[in-house]
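The values are calculated or read from the model by the stated rules, or taken from the named source; none is laboratory data. What you see is a predicted model, and the numbers here were worked out from it, not measured in a lab. Because the Cβ atoms are built from the backbone with ideal geometry, glycine has one as well, and the counts that use them run over all protein chains shown. Ligands, DNA and RNA are stripped out before the accessible areas are found, and what is left, the full protein with its side chains, is counted by its heavy atoms. Shrake-Rupley method; radii C 1.70, N 1.55, O 1.52, S 1.80 Å.
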Amino acid sequence: MDYICHYDSPLGGITLGSDGEALTGLWFDGQKFFGNTLQPQHREADLPVFQETRRWLDVYFSGREPGFTPKIRTRGTPFRMAVWKTLLTIPYGKTVTYGEIAAQIAASSGGGRMSAQAVGGAVGHNPISLIIPCHRVLGAGGKLTGYAGGLDRKTRLLQMENPSLF
């Protein structure tokens, strides 16, 4: 059984998902791929992981780096999970490009090449926005591109983390 709860952020409503133990989803309400990892049967609950995630979100939206991460569990293909694991290494207030992530994953898997577009697809399907910081990924040359929650939100998140980025 999956569980959900809601959080009101300065950028709009957020829905949190859990398997009962770990956070499995964090989506801006109405975003692209909303709830894509939730089981069809789910119910509202106030779980300890939701309380911890709300605390994380409160710190984050106050303009500070939270300094802790709620327990998370991703659901996806091995490739997507490798991309999401790489996203977790992007420091607060910093950005990387899809191409840089592709090169990093290719190098860690024994060389070869990896498509930045394939990485973009995995980044776009990130089920735990903000905590797995897909908003910190930019296009080639630092171009602002792609965000399931919308480019306006992506811009505001990046400005909040590091005003000197823009």
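For the stretch 62-75, the count of residues that are among the basic types (Lys, Arg), in contact with a strand residue (DSSP E or B) (Cβ under 9 Å, 6 or more places away or on another chain) and at pLDDT 95 or above is nonzero. Residues of the stretch 125-137 that are in a loop (DSSP other than H, G, I, E, B) and within 13 Å of residue 32 (Cα to Cα): 125, 126, 127, 129.
Checking each residue in the stretch 143-166 for being free of Cβ contacts under 8 Å to residues at least 24 places away in the same chain and of a type in the set (D, E, K, R) picks out 143, 152, 154. On the stretch given as the stretch 138-166, residues that are assigned to a helix (DSSP H, G or I) and over 22 Å from residue 99 (Cβ atoms) total 7.
Starting from the stretch 98-122, take each residue that is within 18 Å of residue 81 (Cβ to Cβ) and list its partners that are at pLDDT below 90 and open to solvent by less than 30 Å² (accessible area, probe 1.4 Å), counting only C-beta distances under 6 angstrom and pairs at least six apart or across chains. Every condition considered, the pairs that remain are 114/106. A count restricted to the stretch 124-149 and to residues that are open to solvent by 10 Å² or more (accessible area, probe 1.4 Å) and over 22 Å from residue 64 (Cα atoms) stands at 10.
Of 133, 91, all but one fail to be out of contact with any Leu (no Cβ under 8 Å at 6 or more places or on another chain) and within 28 Å of residue 56 (Cα to Cα); the exception is 91.
Quick one: what pairs do we get from the stretch 38-62, first residue farther than 18 Å from residue 19 by Cβ, second of a type in the set (Phe, Trp, Tyr), C-beta under 6 Å, 6+ apart or different chains? Matching pairs, first to second residue: 57/7.
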